[in-house]
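What follows is a set of notes on a single structure, which appears directly below.
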Amino acid sequence: MTNYKSLYQEVILDHNKKPRNYGTIESPSHHAVGHNPLCGDHISVDVVLGDERINNIAFQGESCAICKASASMMTTAIKGKTRAEAETLIQEFLAMATGKLSHDACPNIGRLAVFAGVSDLPTRVKCAILPWHTLSGAFNAVATTSTEAEQDPMHAPIGDA
Amino acid sequence: MSASQTTTKFQSTSAFDVERIRADFPILKLTVNDKPLVYLDNAASSQMPQQVIDRLVRYQTTQHANINRAVHYLSEIATSEFEEARRKLQRFINANDEREVIYTSGTTDSINLVMHGYGRKFIGAGDEIILTTLEHHSNIVPWQMLAEEKGAKIRVVPINDAGELLIDEYEKLFNERTKFVGVTHVSNALGSINPIKEMIAFAHARGVPVLVDGAQAAPHTKVDVQDLDCDFYAFSGHKLCGPTGIGILYGRAALLENMQPFKGGGDMILSVTFEKTTYNTIPHKFEAGTPPIAAAIGLGAAVDYLSEIGMDAIAAHEHALLKYATEQINTMPGVRVIGTAEHKAAVLSFAVDGVHPHDIGTLLNQEGVAVRTGHHCAQPVMQRLHVPATSRASFAFYNSMDEVDALIAGIRTVQKIFT
């Protein structure tokens with residue numbers, strides 16, 4: 001069985017404690033709010049997309065460490081990329097986190113490989129992918145997105161009682 | 001550890017042979033992440049002793065057929081065991097009459113049965129239904145559906161910061177339009193034990209029937225429906241060391257007889273023509289189709305098992321676990337108990353400063369400790385107490401003081417990782 005502690009590595013704990021690009025941007029070109037109704041977590045993502053590149057990006061919200069670190073590292077990875085590069089990275093991250101691709105098979109994943117272990121934790125995958133879903137929603141002008149949305153490949157209920 | 005805490009710990013273990021009881025539960029021998037399993041998610045579902053597992057195997061290997069139908073040997077024995085289990089459950093809750101014990105698929109099904117069978121017939125436009133902030137979603141949503149259908153209104157009893165119902169406010173909610181009360185016996189999210197006997201008496205003085213959601217109470221305390229004088233009492237088998245897919249609705253016979261059937265089908269009829277169908281008598285009127293026979297018989301074995309240990313002994317041991325765990329948590333900086341009602345069942349919801357419950361749940365699991373994290377299907381309570389979610393340890397009589405220590409050590413590990 002996976003050592004879950006490996007997920008809580010120094011880099012994730014650090015981004016949770018000191019999230020980068022945390023806050024909002026006054027007039028973003030793209031904006032979306034993501035929500036995980038199962039745990040109540042929610043984050044907002046603001047993007048300033050220039051002619052060629054993502055000039056600025058910020059996030060804000062209430063969430064667990066996995067979600068917050070994922071969002072923080074997403075913003076540092078995305079800033080300065082073209083939209084096409086960002087979309088590729090979103091696809092790679094979602095594929096890695098959901099266990100469809102190993103991190104070795106994701107050429108652009110870089111330090112985000114620390115989230116590979118989340119694919120062994122079905123109840124925590126949604127925490128890691130919420131920021132990426134939200135960014136994707138912002139690019140596609142979907143104002144609010146949810147981990148429970150019908151089109152979500154991870155759409156599946158988590159237990160109740 | 002102080003001397004007084006040590007005393008608390010060992011007094012209760014000597015009075016109750018928890019190791020002997022644990023030996024009855026094969027699943028408790030599991031290891032998770034190379035650590036002994038510490039199962040503290042009993043409010044979600046309890047584990048099953050070998051005695052109940054054996055009863056299921058015996059039924060399935062020597063007694064199974066459909067009930068209430070054929071004249072052959074197996075059908076007769078299955079029917080008789082199924083009805084014997086009903087009488088065991090009748091005794092378990094001290095119902096006056098076995099016809100008042102209806103098999104359902106669980107608490108949710110029981111509440112929906114009352115909503116459809118009683119609510120749709122007797123609650124109309126402008127009528128009011130009283131519920132409480134502490135309800136599980138399963139005792140909220142069916143009534144909202146009814147209110148929407150009929151144009152009825154839901155009134156909600158508030159709680160204080162400790163998670164106790166404000167009884168003065170409850171009494172003020174009554175008026176001539178009040179037609180029904182739904183209240184949980186024990187809060188699943190906080191463990192608060194509600195003063196339901198007094199609440200029922202108050203409602204009855206105004207001619208209003210009361211449904212009690214007993215899902216969290218039946219496993220932990222002696223339930224006497226005649227003493228409570230409730231009209232309906234709903235609970236689930238799988239929280240009571242029994243199988244999933246079986247639950248009970250107790251209903252007062254006079255009310256059940258006047259209610260509409262919930263589901264139509266076989267077994268719930270006396271005669272059927274295309275012109276007219278005559279419904280069966282209670283409880284069969286509410287048991288359409290082939291029921292979960294094995295599960296019902298397994299639940300009968302489960303309440304035998306619990307009765308042999310004694311519900312009072314179970315409650316005392318669980319109370320000792322809760323007291324010890326609460327004392328330990330109260331000594332830990334940065335950890336606070338959510339729900340501090342004076343009267344509590346063995347549910348311990350807590351928050352750790354700066355750590356999200358989901359992270360706590362994942363890291364405790366790494367230590368082999370199973371707790372529930374989230375809103376516990378009780379979002380109104382969470383909103384009222386201004387917490388998005390909590391971590392919840394819920395104890396059963398087979399938990400030990402050492403397992404409380406494992407929980408506390410696990411929380412310390414979480415805090416260490418997050419500092």
Matching residues in the stretch A:110-148 (modelled with pLDDT under 80, crowded, with 16+ Cβ neighbours inside 10 Å and assigned to a loop (DSSP other than H, G, I, E, B)) number 3
Residue set B:Ile53, B:Ile77, B:Ile27, B:Ile102; condition in a helix (DSSP H, G or I), among the aliphatic types (A, V, I, L, M) and in contact with a Phe, Trp or Tyr (Cβ under 9 Å, 6 or more places away or on another chain); output residue B:Ile27
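With respect to A:Ile43, is the statement that it is open to solvent by less than 60 Å² (accessible area, probe 1.4 Å), in a strand (DSSP E or B), without any contact (Cβ under 8 Å) to a residue 60 or more places away in the chain and not small (Gly, Ala, Ser) true?
Details: open to solvent by less than 60 Å² (accessible area, probe 1.4 Å): yes; in a strand (DSSP E or B): yes; without any contact (Cβ under 8 Å) to a residue 60 or more places away in the chain: no; not small (Gly, Ala, Ser): yes.
Criteria not met by A:Ile43.
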Conditions (1) more than 14 Å from chain A (Cβ to nearest Cβ); (2) touching a helix residue (DSSP H, G or I) at 6+ places or on another chain (Cβ under 6 Å); (3) outside any loop (DSSP other than H, G, I, E, B) -> B:Asn399 fails only (3)
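Return the residues of the stretch A:2-26 that are open to solvent by 60 Å² or more (accessible area, probe 1.4 Å) and either within 14 Å of chain B (Cβ to nearest Cβ) or at positive phi (or both); say none if nothing qualifies. Full working, then the answer.
Going residue by residue through the stretch A:2-26, those that are open to solvent by 60 Å² or more (accessible area, probe 1.4 Å) are A:3, A:5, A:9-10, A:17-18, A:20, A:22, A:24, A:26.
Those that are open to solvent by 60 Å² or more (accessible area, probe 1.4 Å) and either within 14 Å of chain B (Cβ to nearest Cβ) or at positive phi (or both): A:Asn3, A:Lys5, A:Gln9, A:Glu10, A:Lys17, A:Lys18.
When the residues of the stretch B:138-153 are filtered to those that are in contact with a helix residue (DSSP H, G or I) (Cβ under 8 Å, 6 or more places away or on another chain) and either among the charged types (D, E, K, R) or open to solvent by 50 Å² or more (accessible area, probe 1.4 Å) (or both), which remaining residue is farthest from B:Phe262 (Cα to Cα)? Working first, answer last.
First pass over the stretch B:138-153, keeping only residues in contact with a helix residue (DSSP H, G or I) (Cβ under 8 Å, 6 or more places away or on another chain): B:138-140, B:142-143, B:145-146, B:149-150, B:152-153.
Filter once more, so that each one left must be either among the charged types (D, E, K, R) or open to solvent by 50 Å² or more (accessible area, probe 1.4 Å) (or both): B:145, B:149-150, B:153.
Values: B:Met145: 15, B:Glu149: 16, B:Lys150: 17, B:Lys153: 22 Å.
Of everything passing the filter in the stretch B:138-153, B:Lys153 is farthest from B:Phe262 (Cα to Cα).
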Apart from one, (1) touching a Ser or Thr at 6+ places or on another chain (Cβ under 9 Å); (2) open to solvent by 20 Å² or more (accessible area, probe 1.4 Å) all hold for B:Pro333; the odd one out is (1)
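Do we find that B:Val337 is among the β-branched types (Val, Ile, Thr) and either touching a residue at least 24 places away in the same chain (Cβ under 8 Å) or under 22 Å from B:Ser46 (Cβ atoms) (or both) in this structure?
So B:Val337 fails the test.
Report yes if B:Thr362 is at pLDDT below 95 and in the same structural domain as B:Glu257 (by TED's automatic domain parsing), otherwise no. Show your work before the answer.
Working: at pLDDT below 95: yes; in the same structural domain as B:Glu257 (by TED's automatic domain parsing): no.
No.
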Subset of the stretch B:13-57, residues exposed (fewer than 14 other Cβ atoms within 10 Å of the Cβ) and out of contact with any helix residue (DSSP H, G or I) (no Cβ under 9 Å at 6 or more places or on another chain), comes to B:Ser14, B:Asp17, B:Arg20, B:Ile27, B:Leu30, B:Thr31, B:Asp34, B:Val57
Of the listed residues (B:Val352, B:Val347), the one being touching a residue at least 60 places away in the same chain (Cβ under 8 Å) and more than 19 Å from the chain's Cα centre (by Cα) is B:Val352
- Message: I'd like to know if the stretch B:166-177 contains one or more residues that are in a strand (DSSP E or B), over 23 Å from the mean Cα position of the chain (by Cα) and surrounded by 15 or more Cβ atoms within 10 Å (Cβ to Cβ).
- Response: no
In the stretch A:43-66, anything closer than 13 Å to A:Leu135 by Cα and either within 14 Å of chain B (Cβ to nearest Cβ) or not aliphatic (A, V, I, L, M) (or both) is listed as A:Ile43, A:Ser44, A:Asp46, A:Asn56, A:Phe59, A:Gln60
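Answer yes if at least one residue in the stretch B:190-198 is part of a loop (DSSP other than H, G, I, E, B), open to solvent by 20 Å² or more (accessible area, probe 1.4 Å) and not basic (Lys, Arg), and no otherwise. Working first, answer last.
Of the residues in the stretch B:190-198, the ones part of a loop (DSSP other than H, G, I, E, B) are B:190-191, B:194-195.
Add one more test, that the residue is open to solvent by 20 Å² or more (accessible area, probe 1.4 Å), and what stays is B:195.
Subsequent filtering for residues that are not basic (Lys, Arg) retains B:195.
Yes, because at least one residue in the stretch B:190-198 is part of a loop (DSSP other than H, G, I, E, B), open to solvent by 20 Å² or more (accessible area, probe 1.4 Å) and not basic (Lys, Arg).
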Taking the stretch B:119-130 and keeping residues in contact with a helix residue (DSSP H, G or I) (Cβ under 6 Å, 6 or more places away or on another chain) and within 13 Å of B:Val157 (Cβ to Cβ) leaves B:Ile129
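In the stretch A:27-40, which residues are open to solvent by 20 Å² or more (accessible area, probe 1.4 Å) and within 13 Å of A:Trp132 (Cα to Cα)?
Keep residues of the stretch A:27-40 that are open to solvent by 20 Å² or more (accessible area, probe 1.4 Å), which gives A:27-31, A:33, A:35, A:37-38, A:40.
Correct list: A:His31, A:Val33, A:His35.
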Within the stretch B:336-378, restricting to residues that are of a type outside the set (S, T, N, Q), in a helix (DSSP H, G or I) and open to solvent by 10 Å² or more (accessible area, probe 1.4 Å), the one that is nearest to the other protein chains (Cβ to nearest Cβ) is B:His358
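From the set of residues in the stretch B:379-396 that are within 9 Å of chain A (Cβ to nearest Cβ) and under 15 Å from B:Leu134 (Cβ atoms), which is surrounded by the most Cβ atoms within 10 Å (Cβ to Cβ)?
Step one: of the stretch B:379-396, the residues within 9 Å of chain A (Cβ to nearest Cβ) are B:379, B:382, B:388-389.
Filter once more, keeping what is under 15 Å from B:Leu134 (Cβ atoms): B:379, B:382.
Details: B:Gln379: 17, B:Met382: 20.
Among those that are within 9 Å of chain A (Cβ to nearest Cβ) and under 15 Å from B:Leu134 (Cβ atoms), it is B:Met382.
The values are calculated or read from the model by the stated rules, or taken from the named source; none is laboratory data. Given the structure is predicted, the values throughout are model-derived calculations rather than measurements. Counting neighbours? That spans all protein chains shown, and the Cβs are built from the backbone with ideal geometry, glycine included. Areas reflect the complete protein model, heavy atoms only, side chains present, ligands, DNA and RNA absent. Shrake-Rupley method; radii C 1.70, N 1.55, O 1.52, S 1.80 Å.
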